[in-house]
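This report refers to the structure that appears directly beneath it.
The values are calculated or read from the model by the stated rules, or taken from the named source; none is laboratory data. In this text the structure is predicted, and so the values were computed from the model without any measurement. No Cβ is skipped: glycine too gets one built from the backbone with ideal geometry, and neighbour counts run over all protein chains shown.
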Amino acid sequence: MHIAVCDDNADDIKRVTLFINNRHTYKTFLNPSSLLSSLDDGEHFDLYILDICLGNKNGIELATEIKRYDKDPLICFISASNEFYRDAYNLYVFQYLLKPLSNKAFDDMLSIAEQRLKRCNDYSIILSQKGRRVRIKYENIFYIESQNHTLIFYCKDNRIEKTTGNLGILEKTLDNNIFIRCHQSYILNIYNTDSLEGNLFLCGGTYIPISRKYSHVKERFRQVLFEEMG
């Protein structure tokens, strides 16, 4: 992985780079503007490790600007408190680590980032649409809905793709470690699911029902949540 580390404290940057320990390439930034300049120059990062408190611009604001360059960035916030956890959650930030950092927590975060990148790079689905083929990465899919023999793919960036098909047949072609069937009409990406509220999943801003037949998927979500939070 190529990692961007942004923190206005040089000692904290040194600590993070020691944790990385030559296992990955990295570039350090003492302020948000230098990181954004690097992105302006076309540099790409697989993972962004951002301090929450960055002087005039906080990490939440920086993450929002990063999304202008990288539509689906992998971001880990580091903070001395959980004050900004809800804001980070709303940005789909995948990890939020509290200071002082532990070696184990950091290693677990890197491991999860590597797994996410592998899922993103290795897996996609190709749809046939009136003579053309459309490729969608698994990582970008929130959920799939079936309506009258039409499969509707709800994706990040408000993208919606449609194709004809059968949800049951599609289910057999998908990686069941990533996608779960929770209802006769829905399959969702468990790693892009925000929360579980009773018999509803919140995924991509939409509540998806869980039918009694598929109630066992609640435990799968809890397992993934535990994995993601380290």
- Task: Determine, yes or no, whether Asn176 is surrounded by 14 or more Cβ atoms within 10 Å (Cβ to Cβ) and either under 30 Å from Thr64 (Cα atoms) or without any contact (Cβ under 8 Å) to a residue 24 or more places away in the chain (or both).
- Result: no
- Item | Inter-residue pairs, beta-carbon under 7 Å, first within 21 Å of Gln95 (Cα to Cα) and in segment 183-212, second among the acidic types (Asp, Glu) and assigned to a strand (DSSP E or B), 6+ apart | Leu202/Asp194; Cys203/Asp194
- Task: Return yes when Leu54 is over 18 Å from Glu114 (Cα atoms) and crowded, with 19+ Cβ neighbours inside 10 Å and no when it is not.
- Result: yes
- Query: How many of the residues making up segment 64-77 are in contact with a helix residue (DSSP H, G or I) (Cβ under 8 Å, 6 or more places away or on another chain) and part of a helix (DSSP H, G or I)?
  - Reply: 3
- Item | Contacts under 8 angstrom Cβ, first residue in segment 3-19 being in the same structural domain as Phe77 (by TED's automatic domain parsing) and under 23 Å from Ile66 (Cα atoms), partner basic (Lys, Arg) and part of a loop (DSSP other than H, G, I, E, B), 6 or more apart | Asp12/Lys99
- Name the one entry in Leu98, Leu110, Leu117, Leu91 that is farther than 15 Å from Ile187 by Cβ, modelled with pLDDT of 90 or more and not hydroxyl-bearing (Ser, Thr, Tyr). Leu110
- Task: Scan (1) closer than 16 Å to Ser185 by Cα; (2) touching a Cys at 6+ places or on another chain (Cβ under 6 Å); (3) of a type in the set (A, V, I, L, M) for the single condition Leu151 breaks and write down its number.
- Result: (2)
- Give me the pairs: first residue in segment 143-170 and more than 15 Å from Thr193 (Cα to Cα), second residue among the acidic types (Asp, Glu) and surrounded by 16 or more Cβ atoms within 10 Å (Cβ to Cβ), beta-carbon distance under 9 Å, and six or more apart or on different chains, which are they? Leu151/Glu145; Leu151/Glu161; Ile152/Glu145; Ile152/Glu161; Leu167/Glu145
- Query: If we scan segment 214-222, do we find a residue that is surrounded by 14 or more Cβ atoms within 10 Å (Cβ to Cβ), under 30 Å from Leu110 (Cβ atoms), touching a residue at least 24 places away in the same chain (Cβ under 8 Å) and in contact with a Lys or Arg (Cβ under 9 Å, 6 or more places away or on another chain)?
  - Reply: yes
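Sort through Glu61, Glu83 and tell me the only one that's surrounded by fewer than 22 Cβ atoms within 10 Å (Cβ to Cβ), modelled with pLDDT of 85 or more and farther than 21 Å from Lys14 by Cα.
The unique qualifying residue is Glu61.
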